[in-house]
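Take a look at the structure set out below.
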Amino acid sequence: MNDLEPMVQDAEAEFAAAVAPAELEDAKARFLGKAGRITGELKALAALSTDAKKSRGAQINAAKQRIEAALASRRAALANARLESELAAQAFDVSLPGRRRFEGSIHPVSRALERIETIFASMGFEVADGPEIETDWYSFTALNNPENHPARSMQDTFYVDVRDAEGRWLNLRPHTSPMQIRYAQAHARKHVGASPMPDVRVIVPGRTYRVDSDATHSPMFHQVEGLWLGENVSFRDLKAMYLDFMQAFFETTELQLRFRPSYFPFTEPSAEIDVRFEHGPLAGRWLEVSGSGQVHPQVVRNMGLDPERQIGFAFGSGIDRLAMLRYGIDDLRLFFDNDLRFLAQFA
Ligand code: 2NL
């Protein structure tokens with residue numbers, strides 16, 4: 001202890017009181033600067049004798065070292081506090097609930113389509129995809145539509161302003177049958193000469209177009225057609241297969257099918273397929289779900305197959321309608337409004 005002790009304590013107190021680096025540097029100048037108190041003490045040494053200089057000089061040095069140590073420690077403390085506050089400002093609260101990311105969902109028509117593909121694949125059917133813009137031959141001629149059939153008219157079919165090699169307008173396919181013709185042709189070429197030839201077993205789901213737009217018809221709709229041809233395929237295979245499909249699609253065996261005679265140019269005989277549920281809001285009513293029939297011999301010929309050997313059946317069902325029945329939707333237009341309040345119910 002000596003008379004320099006109060007100065008050391010002043011320095012420690014003033015350093016401690018400095019909350020910003022600039023204040024600390026000001027305080028340092030008051031003790032260690034040119035006009036500072038330590039500097040003053042050193043200047044005063046000049047007036048002392050050699051012996052007194054030695055002992056006083058040692059005291060001043062000791063005080064100076066303690067002040068420098070206090071300064072260094074305060075500098076480190078301020079730098080540390082600054083780092084801490086920077087980190088705190090950047091910190092995020094891991095306990096906050098996360099921001100929800102919007103997730104879409106599969107459209108009900110696509111869900112129905114995916115289910116249909118899975119069910120038919122499990123029954124040994126191939127799933128084929130084809131062009132939506134077709135030639136006149138594939139959409140109509142190959143399917144035995146006479147030249148003057150109303151389906152060919154501008155009132156019923158959308159045409160594209162481009163002609164095919166025969167000079168006929170291309171069309172937006174009014175059914176997915178054209179791709180079944182293409183598929184069967186490829187099958188016939190691939191297995192030419194094979195005896196027996198493997199069966200043709202295919203479904204073609206996809207978008208189809210007709211000039212028709214009201215509360216229950218959309219100009220673009222979805223269809224699935226199926227084709228099964230072989231040397232030993234009959235109408236009872238159609239009945240068994242379509243019943244299996246309906247039971248799998250609606251997840252119930254509590255339904256009945258009815259085959260009602262009808263007419264299509266591409267099948268003979270032809271039948272509408274009606275379904276009747278035993279339970280649920282539609283119980284007891286016959287609902288039309290499909291057209292069907294034994295493929296017309298001329299259509300088999302157009303596929304490049306021999307109708308004396310290859311015979312079978314085809315069907316065409318509306319996917320939108322099946323989806324409406326499956327999910328209890330009473331207005332077709334809901335599928336195309338794309339209102340999120342509707343679509344989100346299928347998440
Ligand atoms: C309908 C009618 C049907 C077919 C589609 C078909 C396909 C080929 C050959 C023969 Cl490649 N027929 N498809 C047969 C009968 C009916 O659908 O209006 N469905 C909604």
query = Looking at S55, is it closer than 30 Å to D320 by Cα and in a helix (DSSP H, G or I)?
reply = no
task = Please work out if M154 is open to solvent by 60 Å² or more (accessible area, probe 1.4 Å) and either under 33 Å from the mean Cα position of the chain (by Cα) or hydrophobic (A, V, I, L, M, F, W, C) (or both).
result = yes
query = Can you spot a residue in segment 18-27 that is part of a loop (DSSP other than H, G, I, E, B) and surrounded by fewer than 14 Cβ atoms within 10 Å (Cβ to Cβ)?
reply = yes
query = With respect to the numbered conditions (1) open to solvent by 60 Å² or more (accessible area, probe 1.4 Å); (2) of a type outside the set (V, I, T); (3) away from the ligand (no atom under 16 Å from the Cβ), which one is the sole condition not fulfilled by A194?
reply = (1)
task = For residues that are among the aromatic types (F, W, Y), outside any helix (DSSP H, G or I) and within 13 Å of the ligand (Cβ to nearest atom), scanning just segment 197-246, find the one that is farthest from R115 (Cα to Cα).
result = W228
task = State whether one or more residues within segment 201-209 are more than 23 Å from R309 (Cβ to Cβ), touching an Asp or Glu at 6+ places or on another chain (Cβ under 7 Å) and open to solvent by 20 Å² or more (accessible area, probe 1.4 Å).
result = yes
message = I'm checking my understanding of the structure. Among residues of segment 84-106 that are among the polar types (S, T, N, Q) and part of a loop (DSSP other than H, G, I, E, B), which one is most open to solvent (accessible area, probe 1.4 Å)?
response = S95
inquiry  = Just the residues that are touching a helix residue (DSSP H, G or I) at 6+ places or on another chain (Cβ under 8 Å) and away from the ligand (no atom under 11 Å from the Cβ), please, taken from segment 286-304.
reply    = L287, G304
query = Just a yes or no: is a residue in segment 315-335 in a helix (DSSP H, G or I), away from the ligand (no atom under 14 Å from the Cβ), at pLDDT 95 or above and more than 24 Å from Y242 (Cα to Cα)?
reply = yes
ask   = Across segment 209-239, what is the number of residues that are of a type in the set (D, E, K, R) and farther than 17 Å from A271 by Cβ?
value = 4
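Inside segment 137-151, can you point out the residues that are surrounded by 12 or more Cβ atoms within 10 Å (Cβ to Cβ), outside any loop (DSSP other than H, G, I, E, B) and without any contact (Cβ under 8 Å) to a residue 60 or more places away in the chain?
Result: W137, Y138, S139, A151.
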query = Is there any pair with a first residue in segment 202-228 that is closer than 25 Å to L243 by Cα and a second that is more than 13 Å from the ligand (Cβ to nearest atom) and among the hydroxyl-bearing types (S, T, Y) whose Cβ atoms are under 8 Å apart and which are 6 or more apart or on different chains, and what are they?
reply = F221/Y209
remark   = Taking segment 164-191 and the residues there that are hydrophobic (A, V, I, L, M, F, W, C) and surrounded by 14 or more Cβ atoms within 10 Å (Cβ to Cβ), the one that is nearest to the ligand (Cβ to nearest atom) would be I181
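The values are calculated or read from the model by the stated rules, or taken from the named source; none is laboratory data. Just so you know, these numbers come straight off a predicted model, no measurement behind them. Using ideal geometry, Cβ is built from the backbone for each residue, glycine included, and neighbour counts are taken over all protein chains shown. Each accessible area value is taken on the protein alone, full model and side chains, heavy atoms only, with ligands, DNA and RNA left out. Shrake-Rupley method; radii C 1.70, N 1.55, O 1.52, S 1.80 Å.
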